[in-house]
Each structure stands twice: as C-alpha cells, then as structure tokens.
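Working notes, structure below.
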Amino acid sequence: MIPQLGILTRVWSLGTTLDRRTPGAGLLGPLNVPAYVAWLAAASSALAHAGAFALSYPQWIAGSAVLILFLVVFGARAVLEERSASDATLGATVVVQAILAPLCLWMLNDHLLAVLLVLVAAQLPMLHKRGTAIAALTLANCALFVWLAGSEKGPKAIQVGLAYVAFQLFAFFVTKVACAAHESRRELLRANRELQAARALVAEGARAQERLRLSRELHDIAGHKLTALKLQLALEVRTQSGTASPTLRRSLTLADELLTDIRTVVSALRQEDAIDLRAALLALNPGITSVAVKFDVEADAVVSDIAKAEALVRCAQEGLTNALRHSGASEILVTLFRHGQELVLSVEDNGVGYPSAEPPLGNGLRGLRERLEEFQGVVSLNRRARPCPSRARRDENCAGG
C-alpha cells in the first residue's frame with residue numbers, strides 16, 4: 001500500500017507578524033552604530049553651546065531629557081524590530097521620534113539637532129506602511145523651517161532647511177538600498193538552501209536508482225546465467241552417475257553457492273533502494289543564530305518514489321519558511337517519522353499561533369494540500385503550547401493526518 005503522507009504543523013501564525021530582521025534590527029545593527037555617533041555629535045554640540053544660548057536651567061534639563069528619550073525610543077525601535085514586532089508598533093516608535101526631534105531643537109536652540117530628523121528619515125524604509133511616519137516627519141520639517149526662520153536670516157534659513165531635507169532624502173534612499181541588498185542576500189541564501197536540498201535529493205534518488213539497476217542486472221543476467229550453469233552441471237553429474245569426478249561435483253556446489261550469494265545481494269540492494277530524506281532536510285537549515293532549528297528523522301522514514309520524496313522536502317521547506325516569517329519563534333522542530341502505515345512530516349514552533357479557530361488559507365497552505373493530494377496525503381494544522389519534546393510522546397501528541 002502506498003504510504004499516506006501527512007503533515008502536522010503550526011507554523012502559520014498572526015498575519016500581522018512579519019519577519020523584519022533588516023540591517024537596522026538590533027541595538028548594534030549595521031545602520032544603528034553610525035546613528036549613535038550622529039546623535040552623540042548633535043547632543044555634545046547642543047549641550048556645549050547651552051551657555052552661549054543663555055538657556056535657563058529648567059529648559060536645559062527638559063531639553064536634555066527629551067534628547068535622551070529620543071535615543072531610548074530609537075534603541076527600542078531597533079530591539080522591537082529584531083524581535084519581529086508588528087509594523088504598527090515600529091511605526092509608532094518612528095512617529096514618537098519625529099515628535100521628539102523638533103522638541104529638542106526648540107528647547108536646546110541648536111540647529112545641529114536637526115540631524116535627529118535625518119535619523120528619523122533613515123528608519124522609514126524599514127516600515128512597510130510608512131504613511132503616518134512620513135506625515136509626522138513632514139510636520140517636524142515644517143517646525144524646523146519655522147524655527148530657522150526665527151533664528152536665521154531669510155536666505156540662510158532656507159538654505160540650511162533645504163540642506164537638512166536633502167540629508168534626510170539621502171539617508172532614506174541609502175537605507176532603502178541597504179535593506180534591499182539585505183533582503184536580496186536573504187533570498188539568495190534561501191535559494192541556495194533549496195538548491196542544496198534539491199541536489200541532496202537528486203543525489204539520493206540517483207543512488208537509489210543505481211542500486212535498483214544493479215539489482216536488476218545481477219538478477220536478470222548473472223542470476224539467469226548462473227542458474228543455467230548450475231542446471232548444466234547438475235545434468236552432467238546425473239549423466240555420469242557414479243563416475244562423475246570430484247571436480248565436477250565441486251563445481252556444481254560452487255555454482256549453487258554463488259547463485260545463493262547473488263540472490264542475497266539482490267535482496268539486500270532491493271531493500272536499500274528507498275530514498276533517505278535526511279540529507280535533503282538538513283540542507284534546509286537556515287543557519288539563523290536567533291532561531292534554533294532542529295531535525296529529527298527516523299531511520300525507517302524513507303520513500304521509494306522520488307516524486308514523493310520531493311513533495312515531502314517541499315512541504316518541509318514551506319513549513320520552515322512560514323515559521324521563520326510569521327511565527328516569531330525561537331525554536332523550530334522538523335520531524336519525519338512513521339505512524340502505522342503513514343509517513344508523517346511535522347513542522348512545529350514555539351511562536352505565536354493563528355488568531356482564529358480555523359487557520360488562514362493562504363497560497364502556501366493551498367499549495368501544500370494540492371501537492372500532497374496526488375499521493376493521497378493530507379495537511380493538518382494544530383495549535384500546541386510547545387513542540388513535541390521527544391519521540392516517546394509522538395503517538396500521544398503528534399500523530400495524525
């Protein structure tokens with residue numbers, strides 16, 4: 001009977017939770033370290049000139065507090081992005097920075113603090129929906145021009161304001177290019193993993209086909225000819241009756257033993273003509289330090305058809321991709337095992353689950369179901385508190401489909 005291919009997975013999660021690990025993610029992200037240096041330069045300039053601008057002590061304290069709060073919110077955005085926070089949450093942090101930047105400018109009375117608006121503009125490409133943040137930045141620039149109009153002469157105010165706007169546009173497009181390059185690199189790595197998995201699958205399939213070919217050759221050619229040789233020797237022994245030489249009888253015995261050995265080898269080769277999926281599945285490991293991906297493939301979890309093997313590998317690939325993009329998980333467990341007459345592939349994670357009782361029917365889930373229908377397989381999604389910890393509890397918690 002053709003084994004049924006089942007999949008148990010809980011990798012589809014909240015649709016608003018997106019994978020947004022960009023160069024701006026993390027406190028020490030590649031785009032964040034230069035931002036800290038720019039903030040430090042602007043802050044030191046403003047605080048150094050506080051006496052020259054005759055700021056009152058309460059105004060200086062309030063301005064310094066707002067300036068530090070800007071840095072805290074900037075760092076919070078970086079941490080939230082690293083943890084795959086929602087787009088709305090990240091957008092709110094950028095809007096808060098756009099509000100704090102002109103406040104610093106008005107309180108500390110130093111136009112170099114307009115550099116903070118450049119930092120705000122540099123974060124916009126990291127948002128998928130940036131309309132509100134752009135509106136807040138536009139209002140902040142209006143406040144900048146109003147402040148410049150009161151502190152600088154007309155032509156110089158316009159020149160300085162346009163210079164800062166140009167810096168903001170430059171920062172926006174530089175960050176946009178950096179994020180695009182980062183995403184291209186991730187897609188390239190993903191395609192490379194898929195290629196390695198496909199290569200491992202093809203290599204294993206080729207070895208299985210070669211074993212099958214050799215077993216057939218041994219059975220059809222060497223086996224038949226040895227059988228014919230054995231019959232000829234047996235006939236000669238019977239013909240000579242008691243006068244048959246010891247050499248002839250020994251030759252008959254050797255032919256019989258050789259034929260038995262050939263049949264044993266053919267049987268062994270046919271037992272090993274199944275395709276082992278271990279190498280192909282291991283090649284799908286994304287190698288992300290923030291997510292621990294573990295594979296548990298049982299020794300008897302093999303298939304004899306390359307098409308079925310490819311279907312299972314593609315399903316594991318789709319499950320991993322969705323878990324990485326949508327679940328916000330720190331651990332993912334990929335398991336392949338037999339349950340009775342079924343071959344079960346399970347992709348589980350410890351991230352957030354889908355919000356409704358029924359999972360969302362996206363293109364990925366439809367594709368999995370269509371791929372497995374050809375082999376009488378099914379796809380099921382279940383919500384669990386945590387991945388199955390060991391093989392001992394599979395029958396209780398993991399089996400099905």
Give me the extension gain from residue 152 to residue 261: residue separation times 0.36 nm, minus the current Cα-Cα distance, reported in nm with one decimal. 29.3 nm
Rounded to the nearest 0.05, what FRET efficiency do residue 192 and residue 170 give with R0 = 45 Å and r taken as the Cβ-Cβ distance? Could you check? 0.85
Counting Lys and Arg as +1 and Asp and Glu as -1 over every other residue whose Cβ sits under 12 Å from the Cβ of residue 193, the net charge comes to +1
Report the net charge of residues surrounding residue 116, where surrounding means a beta-carbon distance below 14 angstrom and charges are Lys +1, Arg +1, Asp -1, Glu -1. 0
Two-site FRET efficiency, residue 202 against residue 288, from Cβ-Cβ distance with R₀ of 30 Å, rounded to 0.05: 0.70
How many angstrom separate the Cα center of the stretch 289-347 from the Cα center of the stretch 160-189? 37
What FRET efficiency do you get for residue 138 and residue 366 if R0 is 60 Å and r is their Cβ-Cβ distance, rounded to the nearest 0.05? 0.90
Starting from 0.36 nm per residue, how many nanometres of slack lie between residue 41 and residue 307 once their C-alpha separation is accounted for? 89.7 nm
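Throughout, read-outs are computed from the coordinates displayed, never taken from laboratory work. Quantities reported herein were computed from a predicted structural model and do not represent experimental measurements. Cβ: placed from backbone, ideal geometry, glycine included. Neighbour counts: every protein chain shown.
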